[in-house]
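The next block holds one structure in the form of structure tokens; read it before the comments.
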Amino acid sequence: MSATFVGMPAFPAFPEAAHEAVRNPTLRGNLRHATHTIRAKRAKAVAEMSDWAELREAGRRIKDHTLRHLDRYLVQVEEAVTAAGGTVHWAADADEANRIVTELVKGTGESEVVKVKSMATQEIGLNEALEAAGIRAYETDLAELIVQLGKDRPSHILVPAIHRNRGEIRDIFRSEMKEWGRPAPEGLTDTPAELAEAARLHLREKFLRARVGISGANFVVAETGTLVVVESEGNGRMCLTLPETLISVVGIEKIVPAWRDLEVFLQTLPRSSTAERMNPYTSMWTGTTGTTGTTDAETADGPREFHLVLLDNGRSDTLADQVGRQALRCIRCSACLNVCPVYERAGGHAYGSVYPGPIGAILSPQLRGTASEIDASLPYASSLCGACYEVCPVAIDIPEVLVHLRERVAEGGEATRQGNKVVLKPAKGHAAERAAMRAARWAFTHPAALRTGQRLASRSRRFHPRTLPGPGRAWSGTRDLPPVPAEPFRDWWQRTHGGKDGAK
């Protein structure tokens, strides 16, 4: 396991993985149905808000302000959590975070933990690290449970089992539940109510037995040290209140300065993710039971021991990039996945990371670097249509970052890795791209040569092919090549406007 493990085993480059995915009709059908349904509901929920644009801008500004002053807010979080009875741990990378959590669980003497859905723990491969130490982690989110029982990998931020249909889920429950605890009921069908009830019965005994819970957090409020988890099933509330020990692994970018900032995100996050006006369960906790003013700690809700693990794992390197740092605004709503034509056809597994879709295409290469084949290919996993930017509730300009990372892959250059300035070499296989970009740069800086080239293209238009040769045939096989105009725009302008007052 590398120090910056981001939730997936070794994976082929995106083009190869996507090529296999698009040939799976069941997968494509599941993805198409789910993404179209979610985005239609989201559009309706967002349209109800007359001030959506203002909320979006407010969210962007809050996140940018926090990132600019992250050093101050991190110290404030540590002081507030400690004052409330919690303990703060700092993890530079995945290995350190896994070691900290494993030692904390071992210190309780327990060999089982229940988990709230957490992207951060998937990012660092925590379940695998705990299993290697003899500790079994039980996912309690329904979709995460399906993924875990099916020995699968998540393929969506919000709906990790989006690639599974009800029949597949029924078969997984029937065959695997008995290996993890209470078996599926006899005669289980694929109706949603029966599947949900089977999961509820299976998980209930784990909730009541577990002494250790592990969570992430959607937000951390710096002024009070309060952590916030939003979810739709109630499993999070069970994991956060029943265990005696709670361990939360949280990326350092999840901080917001003050309580008033939650007003913005608790409106934009549910509408962008689940298309709800508010989340059914919004859980907040500050410190431990013994420091909340409760007179009877024995009967009070909440953990008696709380540990917060603040995770870097490439985030400081991302923060050092003036263009790429906007990816750290992400509040994990998954709206960008649901509108992305590439994700809809390729699915989440093709991205080779716990962060799939457009946000994964810009976040994973920054957290892990672009040295591997999969990470070098992710910035190209987009048509640059811009739909992801339009729906992002914190206005991350994903197309801008994609182009920025493509330049890094093709040209190399300065970057920050593990806190050090390094000079990256151009990735292999991009020589033709570099040559084309340099030729374009030369042409655009030499107007006479550009004008001559345009005229030659117009005068030879009758000889232009309808399809591209070689590798370009795959692109033009489903698209018409744009026709070259009969004359260049410059010539048309000179002919129709040349000599008139004000024309240049």
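The values are calculated or read from the model by the stated rules, or taken from the named source; none is laboratory data. None of the values given here were measured: they were computed from a predicted structure. Here the Cβ positions follow ideal geometry from the backbone for every residue, glycine too, while neighbour counts run over all protein chains shown. To get the accessible areas, we keep the full protein, side chains included, count just its heavy atoms, and leave off ligands, DNA and RNA. Shrake-Rupley method; radii C 1.70, N 1.55, O 1.52, S 1.80 Å.
For E112, the residues whose amide H sits under 5 Å from its own are R136, ignoring neighbours fewer than 5 places away on the same chain, with H placed 1.01 Å from N.
Of the cross-linked pairs K106/K151; K106/K206; K63/K425; K44/K115; K63/K115; K151/K206, those separated by over 23 Å at the C-alpha level are K106/K151; K63/K425; K44/K115; K63/K115. Ordering of 161-171, 414-424, 209-219 by packing is 209-219, 161-171, 414-424, highest average first (other Cβ atoms within 10 Å, averaged per residue). Of the listed residues K425, K106, K44, the order by accessible area with a 1.4 Å probe, largest first, is K425, K44, K106. The orientation-averaged projection of the convex hull spanning the C-alpha atoms of the stretch 250-389 amounts to 10.9 square nanometres. Computed from backbone phi, the HN-Hα couplings of the stretch 216-228 come to x, 7, 7, 8, 10, 8, 5, 5, 10, x, 7, 9, 10 Hz, rounded to whole numbers (Karplus: 6.51 cos²θ - 1.76 cosθ + 1.60, θ = phi - 60°; Gly and Pro given as x). When each of the peptides 64-76, 372-384, 460-472 is scored by how many other beta carbons lie within 10 Å of its residues on average, the order from highest to lowest is 372-384, 64-76, 460-472. If only the Cβ of Lys and Arg carry +1 and only the Cβ of Asp and Glu carry -1, the dipole of the stretch 123-180 around its Cα centre is close to 260 debye. Expressed as a whole percent, the accessible surface of the chain that belongs to carbon and sulfur atoms is 53, based on a 1.4 Å probe.
Taking amide H as placed 1.01 Å from N in the peptide plane, the amide H of H89 sits under 5 Å from that of L308, V309, L310, each at least 5 places away or on another chain.
Between N24 and K428, the modelled labels are 2.8 nm apart [label points 7 Å from Cα along Cα→Cβ].
Using 0.36 nm per residue and subtracting the Cα-Cα separation, the extra length available between A320 and R451 on full extension is 43.1 nm. Note that the chain presents 48 Å² accessible area per residue, ligands and nucleic acids not counted, probe 1.4 Å. Once backbone amide H atoms are built at 1.01 Å from N, T226 has V221 as its partners under 5 Å, excluding neighbours fewer than 5 places away on the same chain. Each residue of the stretch 304-315 was assigned a 3J(HN,Hα) from its phi angle through the Karplus expression (A = 6.51, B = -1.76, C = 1.60, θ = phi - 60°), giving 8, 9, 10, 10, 10, 9, 8, 9, 8, 6, x, 5 Hz with x at Gly and Pro. Placing unit charges on each Cβ (+1 for Lys and Arg, -1 for Asp and Glu) gives the chain a dipole about its Cα centre, and among G251, T496, G225 the Cα reaching farthest toward its positive end belongs to T496.
Modelled spin labels at R277 and S458, positioned 7 Å past Cα toward Cβ, are 5.9 nm from each other.
Model label points for C385 and E112, set 7 angstrom from Cα along the Cα-to-Cβ axis, are 4.6 nm apart.
Using a cutoff of 8 angstrom between alpha carbon atoms and counting only pairs six or more residues apart, the relative contact order for the chain works out to 20 percent. Taking every DSSP helix (H) stretch of at least 4 residues in the chain, weighting each as -39,500 (n - 2.57) and dividing the sum by the residue count yields a mean residue ellipticity at 222 nm of -14500 deg cm²/dmol.
Look at the alpha carbon pairs under 8 Å that are at least 6 residues apart: their mean separation over the length of the stretch 76-215 gives a relative contact order of 23 percent. Antiparallel versus total DSSP beta bridges in the chain: what percent is that, nearest 5? Bridges in the chain that DSSP calls antiparallel: roughly 35 percent.
Within the shell of other residues whose beta carbon sits under 13 angstrom from the beta carbon of P393, the net charge comes to +4, with Lys and Arg scored +1 and Asp and Glu -1. Normalising the average separation of contacting C-alpha pairs (under 8 angstrom, six or more residues apart) by the number of residues puts the relative contact order of the stretch 349-504 at 12 percent.
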